[in-house]
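The values are calculated or read from the model by the stated rules, or taken from the named source; none is laboratory data. Bear in mind that the values here come from a model prediction, so they are computed numbers and not experimental data. Backbone-built Cβ (ideal geometry, glycine too); neighbour counts: all protein chains shown.
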Amino acid sequence: MMCLVAFLVLSGCSGAAKQTANEPGSSSEAINDASTTNDQSAATDSGEVVELTYATWGSPNEKKAHQAAVDAFNAKYPNIKVKYLHIPADFGTKISTMIAAKQAPDVFLLDKVTALKWSEQKKLYNIKPFLDADSEISEDKLIPNAVLYMGPDQVAGIKATEEAFGLFYNKDMFTEAGVPVPPANPNETWTWEQFVEAAQKLTLDNKGRNALDPEFNPKNIKQYGVRFNRWAWFQLFGTNETKLVSEDGTKLQLTDPAVADSIQKLADLINVYHVAPDVTQEKSLPAPAVALQSKKVAMDLDGQWVQVDLGASKINWDVGAMPKIKVPSTLLNGEPFVMSADTKHPKEAWQFYKFMIDPNNVLELYSSGLWMPIVREWYEKPELMAKWAEVTPGHSPGYKQAIMEMTTQYGVNAHDYTLKNADKINALIGPALDAVWEGKKSAADSLKAVEPKVQAEFKGIYGR
Amino acid sequence: MQSLSVLRRRENWFGWLFAAPAILGFFVFILGPMAASLYYSFTDYQIAGDPTFVGGRNYANLFNGVDPFFYKSIFVTLYYVILSVPLQMITAFILALILNRKIKGRAFFRVVFYLPTIMPVIASSMVWIWMFDPDLGLLNEALRTLHLPTSNWIYSSSSVIPTLVFMSLWTVGGTMIIFLAALNDIPKQYYEAIEIDGGGRLQRLWHITIPLASPSIFFNTIMSVIGGLQVFVQPYAMTAGGPNDASLFYVFYLYREAFTFGNMGNASAIAWVLFIVTMILTYVIFKTSQKWVYYEGGEA
């Protein structure tokens, strides 16, 4: 019996050892091949069928779109067979264990923080050489902020989609309140004060009084002017011309007054102006699109992905540009595609990677309003824009200016695209802000209190 | 003689064979992973990387406060244990006392109180989330009807732990059943004797019921302390450790360290600290038990 145990353990080890043998590092060889041979030839070189695995999270509808893209790829490249793995829940945990077991998918969607960390640990394939050598795709053909650099010559991944914040609203509620709708043009967008005033006019208590009325009862609100995502506590940093990490990447600016102010302005929507639901009130609100549909909320400060649900809700909705504090700006939040360093077929994996980035192949994800392309010409050529940005019901009239123009002209990546150890740092700051949302502490005080702990976790930045 | 020894040897062989699944399971699924995690706890092991030996650094980082969540999660967990264990014991014991009497529908109520324990915690957590909803939840609705102050339950950092303790009282059925069995075992003569001596209800409880049930109280206390130290589903499914880390239970913190932050080495160290703390607490309870646990027939 002990022999059996020993056998199991040994065989397990040798399996792992074999796998570690084909670590990265030897990528240059594959790259040379890829640069000389292009398109289909990459796969047809070797007679046998190459098998790849591709993994994403996502809703059942997203799963369908990914599966369709995979099927199209398999049909186009008969010598490559991609198997699609849909992991709807606990994606990070499952991919982690797969990586640890050296059985990671060849190409997969991954959150940026983990992607950078794993790229640093050489668990992700450095796709920079591919990107440099490829004849069809290169960094200057992509929109700004699309490439995720781990280091000067190391790319962790390219955003699978762009995601940008905007001010989504129910038009009818503005008409009823006699309030002008938020401008879509980034250069004419509301100032923060105009935004707050509109939100006040759109917040109604149970007697129909708005939040500007001296009799207004904040304890019994029937309709909120606005809701926002507390997890995106950094969403106003861009417009307030500040950053969590200093420009040179050497320090965290938790005590920067503009950082505190950007968070305080959000908290004040709840506790000072009573135009946004507090933590407990939010619990009893439905999902953002339904909240707009059922007129519980007039404006939703949210990512463009809500468009899928808004489109399905059949209400009269549109989108305005993010209000500005100092300059027009929006928060970008797209997650990257990555390639495993353990892939046995980097050339073919890159072939597939490229295919998935080409909006033509996953058009449904873009035309539904859920995703935004990262290929620049899809923002410039009218015939391409017509394929996605004008498709209803997932897109509204304000989209091109409020979301697309904002993204390419004024988009700012969140701090976790460069910050090292961002998961721990976020896990410290997020909970510390709970007291701010509850109105028990000011943002400045909370940040000051948590600062020593956060500084201890600060380990610099990634990037070129 | 010869044939007997062959038979015995064969029996011996079959014995091992039949025990093999359990023994093998123990080695492969318990001892093996334990040994591995003990080793990993002395390494810097990022889930995606290869472990490198770092000696006691992981442990040192926990205790000297480099890890910002360690003491917080210990505090949260101990707070829960200290609050929940006595309350669970008292509730289960009182239920057992009531259901040990010859009341109407006794069998029915025994089933009713036991029922919640067979429900998966994750399912009951989902239901409780609705009950705890501050605006639409059943509990606050009831309080409002009675014109009593409402609570934010799991959504406020001060009330989240008491709320989870309250919720845990719903599943004391298992403990109650063990108490019931113990109460059933108490010989009737003792009660007759105390009746003759003129003892009242309280004396009966204090001098007979509790001492004679003390082995089961002892057992249940240990189980419930261990259960309290290992709370995971509630923070995982209901609170995500919040608000403001007020429900950052130890095992949830351990899970997050392992699978969100990917620090397997550190997570292994965290797990071993829990193992040792659990052993120490159990040992302490065992030691004190000599003072208050009464075994019929002398030393156990």
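Summary of computed values
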item	result
All positions within the range B:49-80 that are within 12 Å of chain A (Cβ to nearest Cβ) and either basic (K, R) or outside any helix (DSSP H, G or I) (or both)	B:G49, B:D50, B:P51, B:T52, B:N64, B:G65, B:V66, B:D67, B:P68, B:F69, B:K72
Residue match in the range A:247-261 (condition: closer than 30 Å to A:K81 by Cβ and surrounded by fewer than 20 Cβ atoms within 10 Å (Cβ to Cβ))	no
Count of the range A:153-181 residues which are hydroxyl-bearing (S, T, Y) and in contact (Cβ under 8 Å) with a residue 60 or more places away in the chain	2
Selected residue (criterion: farthest from the other protein chains (Cβ to nearest Cβ)) from residues of the range A:78-121 that are polar (S, T, N, Q) and farther than 20 Å from A:A146 by Cβ	A:N79
Matching residues in the range B:114-127 - criterion: being in contact (Cβ under 8 Å) with a residue 60 or more places away in the chain and either charged (D, E, K, R) or away from chain A (no Cβ under 13 Å) (or both)	B:Y114, B:V121, B:S125, B:M126
Selection status of A:A432, over 19 Å from the mean Cα position of the chain (by Cα), within 14 Å of chain B (Cβ to nearest Cβ) and hydrophobic (A, V, I, L, M, F, W, C)	yes
Residue match in the range A:104-122 (condition: in contact (Cβ under 8 Å) with a residue 60 or more places away in the chain, in contact with a Gly (Cβ under 9 Å, 6 or more places away or on another chain), more than 17 Å from A:T418 (Cβ to Cβ) and not in a strand (DSSP E or B))	yes
Matching residues, the range A:126-171, being over 21 Å from A:Q409 (Cα atoms) and of a type in the set (S, T, Y)	A:S135, A:Y169
Looking only at the range A:264-290, and only at residues there that are more than 14 Å from chain B (Cβ to nearest Cβ) and not in a helix (DSSP H, G or I), the one that is farthest from A:E197 (Cα to Cα)	A:A287
Criterion (crowded, with 17+ Cβ neighbours inside 10 Å, charged (D, E, K, R), under 24 Å from A:S446 (Cα atoms) and at pLDDT below 95) met by exactly one of A:K243, A:K265	A:K243
Residue pairs meeting the criteria (Cβ under 6 Å; at least 6 apart or on separate chains; first within 15 Å of A:G178 (Cβ to Cβ), in the range A:206-225; second of a type in the set (G, A, S))	A:G225/A:A199; A:G225/A:A298
Check on B:V76, under 20 Å from B:T239 (Cβ atoms) and either in the same structural domain as B:G227 (by TED's automatic domain parsing) or not polar (S, T, N, Q) (or both)	yes
Count of residues meeting criterion [within 26 Å of A:N145 (Cβ to Cβ) and either surrounded by fewer than 18 Cβ atoms within 10 Å (Cβ to Cβ) or within 22 Å of the chain's Cα centre (by Cα) (or both)] in the range A:435-457	0
Any hit, the range A:404-411, residues being within 14 Å of chain B (Cβ to nearest Cβ) and either at pLDDT 95 or above or closer than 30 Å to A:V308 by Cα (or both)	no
Members of the range B:1-49 that are surrounded by 14 or more Cβ atoms within 10 Å (Cβ to Cβ) and either of a type in the set (F, W, Y) or in contact with a strand residue (DSSP E or B) (Cβ under 9 Å, 6 or more places away or on another chain) (or both)	B:F27, B:Y39, B:Y40, B:F42, B:T43, B:D44, B:Y45, B:Q46, B:I47, B:A48
Helices (runs of 4 or more DSSP H) fully within the range B:128-206 counting 2 or more residues that are aliphatic (A, V, I, L, M), away from chain A (no Cβ under 14 Å) and within 24 Å of B:P86 (Cα to Cα)	B:160-168, B:173-185
Flag if B:I82 is within 30 Å of B:G173 (Cα to Cα), of a type in the set (V, I, T), crowded, with 16+ Cβ neighbours inside 10 Å and assigned by TED's automatic domain parsing to the domain that holds B:P235	no
Boolean, B:P68 is surrounded by 15 or more Cβ atoms within 10 Å (Cβ to Cβ) and not hydrophobic (A, V, I, L, M, F, W, C)	yes
Residue within the range A:70-88 that is within 24 Å of A:Y417 (Cα to Cα), assigned to a strand (DSSP E or B), among the hydrophobic types (A, V, I, L, M, F, W, C) and at pLDDT 50 or above present	no
